1. When Met9 is evaluated against the numbered criteria (1) touching a residue at least 40 places away in the same chain (Cβ under 8 Å); (2) surrounded by 16 or more Cβ atoms within 10 Å (Cβ to Cβ), which criterion, by number, is the only one it fails?
2. Examine the stretch 50-57 for a residue that is closer than 19 Å to Asp16 by Cα and surrounded by 13 or more Cβ atoms within 10 Å (Cβ to Cβ), and state whether such a residue exists.
3. Would it be correct to say that Leu67 is surrounded by 14 or more Cβ atoms within 10 Å (Cβ to Cβ) and at pLDDT below 90?
Amino acid sequence: MTTIHEGDMDILLVEDDPSIGGILQAAMDREPGYRLHWETKLKDAWKAWEKRQIQEGRPFALILLDLGLLDGDGQGLIHRFREHGGKQALIIISHNLGRMVSFAFRC
């Protein structure tokens, strides 16, 4: 069970690899002050972001995003976030360094 404290940092993780997501979840669970919201699909990540950002006015402090998800490309999700006013810091998770560097230069 996650204990919620005022001032906790909410982080959205969009990652479909259970080993990577599990490691990050376990690390965040051990650190007070952080809450990880883990989504494995783009559509679910968008719904979680939209609910927090637009409906509740409580944006995530940080987004950890895998670019290569099974249900689509994480780049499109970044553009969607930005089009709807998202200004959160993004950390890109990718096993393909060339793709990650290429994407960074296009942003």
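1. (2)
2. Filtering the stretch 50-57 down to residues closer than 19 Å to Asp16 by Cα leaves none.
Looking through the stretch 50-57, none of the residues is closer than 19 Å to Asp16 by Cα and surrounded by 13 or more Cβ atoms within 10 Å (Cβ to Cβ).
3. On the way: surrounded by 14 or more Cβ atoms within 10 Å (Cβ to Cβ): yes; at pLDDT below 90: yes.
Yes; evaluated as a whole, the condition is true for this residue.
Rundown of residues vs (1) of a type in the set (Ser, Thr, Tyr); (2) farther than 18 Å from Ile92 by Cβ; (3) modelled with pLDDT under 90, yes/no style:
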{"site": "Ile4", "(1), (2), (3)": "no, yes, yes"}
{"site": "Asp10", "(1), (2), (3)": "no, yes, no"}
{"site": "Val14", "(1), (2), (3)": "no, no, no"}
{"site": "Pro18", "(1), (2), (3)": "no, yes, no"}
{"site": "Ala26", "(1), (2), (3)": "no, yes, no"}
{"site": "His37", "(1), (2), (3)": "no, no, no"}
{"site": "Asp44", "(1), (2), (3)": "no, yes, no"}
{"site": "Glu50", "(1), (2), (3)": "no, yes, no"}
{"site": "Gln53", "(1), (2), (3)": "no, yes, no"}
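The values are calculated or read from the model by the stated rules, or taken from the named source; none is laboratory data. Remember, predicted model here, so these are calculated numbers, not experimental data. Glycine also receives a Cβ, built like all others from the backbone with ideal geometry; neighbour counts cover every protein chain displayed.
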